[in-house]
């Protein structure tokens, strides 16, 4: 069992009368990829939102960190991002008026420091940082296969490429934990293969990944463990093969998604 | 006059002003409710209503009609005219920019506001215009407080219109469609509700009510100026926010409350600072209770 | 941000600047120069507001207040403490910047439309306060007798700008050029990009590590500072300032300049300002109908070119709710 990187305990979130998360417990270890599956509305994205500080849970602790694990509940989203958690969004949230390269450069924000004065005076430090950010961004675009579109406006990219761009942006801040929210949604089979390949590359760099996905052909091959949410509760957790044959999981899905070997 | 009587007098005066604000605030509230636009030109629509009713009154004055018939006819005329104006504004100025960024609609509204204000100045002159005293100058003394016939008209007229509007919105099919559209326009469109028509009707009704507010304003204060629209509009908008934007009963409550507060401020503080009161209320509301007193009714933005 | 290379674009800017500097020598008509000076002053204001509205996407309807604060700060320092212009312009900028950020802080927690109304309200309150604090601000009559800028010219002694148009023209032109340069640097820097990110998608920006609140305050502070500088220049030029010069109409005009020029575009802000600044003078012949035509122009231009002259069409600036085109 690798060192825990992210520890979620007793996570509870309410929306008015609806209990979106009910005493959820989850751990992601260093270098681990954990799949998070469950029917629509099970609370998966809500969990992401709690981890990234977008939502404030009613109850629960979320600890994150390599050496010392700090509680992150109550921190602002940008502070949590600075600590090393990056994410993508279900509905793709790019900076649509900016160019592809600029979107990825944006991701390096937590790792750079150029402020108002350094920027205006264009100090050597500022120029150095700028160059570093550009180089890093270009490298990531190469990794996701978008280097040729670096100067295009982000909004002009086709859907599949926009997804890859979002992942590149998330990787730019050199996170230790990457949260992917349904990265395969809307992709065609070829693109899904490319996505799998990309996830493998990310894993090879030692990042931990928490992956929300509906398509089992994407989740199962890359996950070390899979957790299942249904109506806000964790109903099962285990290795991919265990989960696939778990009767509770099958019942929760009731044929809406294929559950079975690829 | 005892201090209680003074207070109650200010209350009565404030309620009159408040009723006028309420009618105008409804226009802001309803329009914001359906298309999330702060219709800066609404204040000018109110003034158009005032000037049109002034013109009608002057035209029909000599016919020897009983005064209440005159007022009602001119009121309806002004309302109808402004309803058409509202329809035209929606169709030709606002609808084309509905898909554009919201700032564009705001610029359009402000441009229209300049346009109408200037048009009124060109058409009716830059000096104050007097409203002829068609309403008999009757006052009643009730417990030491005086209430004029005009005040009574304002109360009754605005009450009638507000009740009518509530009935429309709550009990008719049109009203239901209006409420649905202000909750989720896209869903309504997908369900086959003719949203364009609903929005147009909302503009017409809002402008009509505003016109009535203009007429009552003219009757109550006796003089109007092309420049009044700006301040009145701002205050009525404050009232709408106070009650909860998009919320029809809220606009009524907000209007009455603002009128009361302003009346009291003018009575007990200097009248110079009464305008500041309105702005301060606005800012405090927006900072601490942006949803207004009765809660806003606006579609959730993605 | 690439180092300032001599790109073709930059070449055009320098040429334009040189041409503008040569203008008073070719056509010394003081009236024309005065109109242009005013338009260039508007351009400075537009550049400032562009940081707030154009880059960061904050709806601001009370910008004239910071113009006023800058003007009154210098005016008061000049009248009561004898400060010369070149010194007084600094606190003018600083105080306006402070107010810009201070106003911003509570207001930024509310929805975009409400920020607009709060800024509008604040603008009005500033004007009303300046009108009513007779003892300090001279009330409706304002401040009179503010010192003009004085410059020591080698070999010529001290030159007081006085009331001639030419020195002010150069002062405003050069200030505008410097501020435009700074804005350009900023917009291409980490800070400027972060502002645009906030405009495009605030939530994604926050999750990407951008301290949204801090940067919004920074934008408002910078915008305030620029308005403060413009205010000080205005006060020094006019010698007399009254609260009526800083009304909502002015705030709206500056906003219109930024929007018509294209949100976020430096070029757009300057050209939009020049256009709308000169337009009322051009329409002087139409006298009564000026505002009417002006308003109509606003409506038509924004309709025909929604992104403004130099804006992009790709920004995601929360359009009004869409509806299925097939609906009646």
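For region B:165-180, the condition of being crowded, with 17+ Cβ neighbours inside 10 Å, within 14 Å of chain C (Cβ to nearest Cβ), closer than 19 Å to residue B:75 by Cα and modelled with pLDDT of 90 or more holds for none of the residues. Taken together, the residues in region C:217-249 that are more than 14 Å from chain A (Cβ to nearest Cβ), part of a helix (DSSP H, G or I) and over 10 Å from the mean Cα position of the chain (by Cα) amount to 13. Among the residues making up region B:118-131, those that are more than 7 Å from chain C (Cβ to nearest Cβ) and within 20 Å of residue B:88 (Cα to Cα) are B:120, B:123.
Filtered by the rule that a residue be within 30 Å of residue A:196 (Cβ to Cβ) and outside any strand (DSSP E or B), region A:11-43 gives A:30, A:31, A:32, A:38, A:39, A:40, A:41, A:42, A:43. Against the test of being within 18 Å of the chain's Cα centre (by Cα), free of Cβ contacts under 8 Å to residues at least 40 places away in the same chain and buried (at least 18 other Cβ atoms within 10 Å of the Cβ), the options B:241, B:201, B:253 yield a single qualifying residue, B:201. Meeting the requirement of 3 or more residues that are buried (at least 16 other Cβ atoms within 10 Å of the Cβ) and not assigned by TED's automatic domain parsing to the domain that holds residue A:135, the helices (runs of 4 or more DSSP H) wholly within region A:155-226 are A:189-204, A:216-222.
Yes/no per residue for (1) at pLDDT 80 or above; (2) touching a strand residue (DSSP E or B) at 6+ places or on another chain (Cβ under 9 Å):
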residue: C:108; (1), (2): no, no
residue: C:122; (1), (2): yes, no
residue: C:127; (1), (2): yes, no
residue: C:134; (1), (2): no, no
residue: C:150; (1), (2): yes, yes
residue: C:153; (1), (2): no, yes
residue: C:159; (1), (2): no, yes
residue: C:182; (1), (2): yes, no
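Among the residues of region A:57-94, those identified as free of Cβ contacts under 8 Å to residues at least 24 places away in the same chain and more than 25 Å from residue A:214 (Cα to Cα) are A:67, A:68, A:70, A:71, A:72, A:73, A:74, A:75, A:76, A:83. It is to be established whether one or more residues within region B:140-152 are in contact (Cβ under 8 Å) with a residue 60 or more places away in the chain, in a helix (DSSP H, G or I) and away from chain C (no Cβ under 14 Å). The answer is yes, given that some residue of region B:140-152 is in contact (Cβ under 8 Å) with a residue 60 or more places away in the chain, in a helix (DSSP H, G or I) and away from chain C (no Cβ under 14 Å).
Please determine whether any residue of region B:282-291 is without any contact (Cβ under 8 Å) to a residue 24 or more places away in the chain, buried (at least 19 other Cβ atoms within 10 Å of the Cβ) and farther than 29 Å from residue B:179 by Cβ. Yes. Can you tell me which residue is surrounded by the fewest Cβ atoms within 10 Å (Cβ to Cβ) among those in region A:51-61 that are under 20 Å from residue C:211 (Cβ atoms) and touching a helix residue (DSSP H, G or I) at 6+ places or on another chain (Cβ under 7 Å)? Within region A:51-61, the match that is surrounded by the fewest Cβ atoms within 10 Å (Cβ to Cβ) is A:54.
Being buried (at least 23 other Cβ atoms within 10 Å of the Cβ), at pLDDT below 90 and within 30 Å of residue C:252 (Cα to Cα) narrows it down to one of B:31, B:20, B:38, B:24, so name that one. Matching residue, one of B:31, B:20, B:38, B:24: B:38.
Counting only helices (runs of 4 or more DSSP H) that fall entirely inside region C:144-216 and contain at least 1 residues that are within 14 Å of another protein chain (Cβ to nearest Cβ), under 19 Å from the mean Cα position of the chain (by Cα) and buried (at least 20 other Cβ atoms within 10 Å of the Cβ), the qualifying elements are C:165-187, C:190-200. Note on region B:69-105: among residues that are more than 14 Å from chain C (Cβ to nearest Cβ) and free of Cβ contacts under 8 Å to residues at least 24 places away in the same chain, the one that is nearest to the chain's Cα centre (by Cα) is B:76. Being within 10 Å of chain B (Cβ to nearest Cβ), crowded, with 22+ Cβ neighbours inside 10 Å, in a helix (DSSP H, G or I) and modelled with pLDDT under 90, is that true of even one residue in region C:302-317? Yes, that holds for at least one residue. Taking each residue of region C:118-132 that is facing chain B (nearest Cβ under 7 Å) and surrounded by fewer than 18 Cβ atoms within 10 Å (Cβ to Cβ) and looking for partners that are assigned to a helix (DSSP H, G or I) and at pLDDT below 85 with beta-carbon atoms closer than 6 Å, six or more apart or interchain, yields C:128/B:276. If we scan region B:238-247, do we find a residue that is within 28 Å of residue C:292 (Cβ to Cβ) and in a helix (DSSP H, G or I)? For region B:238-247, residues within 28 Å of residue C:292 (Cβ to Cβ) and in a helix (DSSP H, G or I): present.
Mind checking which helices (runs of 4 or more DSSP H) fall wholly inside region A:44-123 and carry at least 3 residues that are over 30 Å from residue A:4 (Cβ atoms) and either out of contact with any strand residue (DSSP E or B) (no Cβ under 9 Å at 6 or more places or on another chain) or at the interface with another protein chain (Cβ under 7 Å from one of its Cβ atoms) (or both)?
Helices (runs of 4 or more DSSP H) meeting the threshold: A:100-107, A:116-121.
Evaluate the following for residue B:161: is it over 20 Å from residue B:19 (Cα atoms) and assigned to a helix (DSSP H, G or I)? When the stated conditions are applied, residue B:161 does not pass them.
The values are calculated or read from the model by the stated rules, or taken from the named source; none is laboratory data. Model, not experiment: these values are computed from the prediction. All Cβ positions, even for glycine, are placed from backbone atoms using ideal geometry, and neighbour counts span all protein chains on display.
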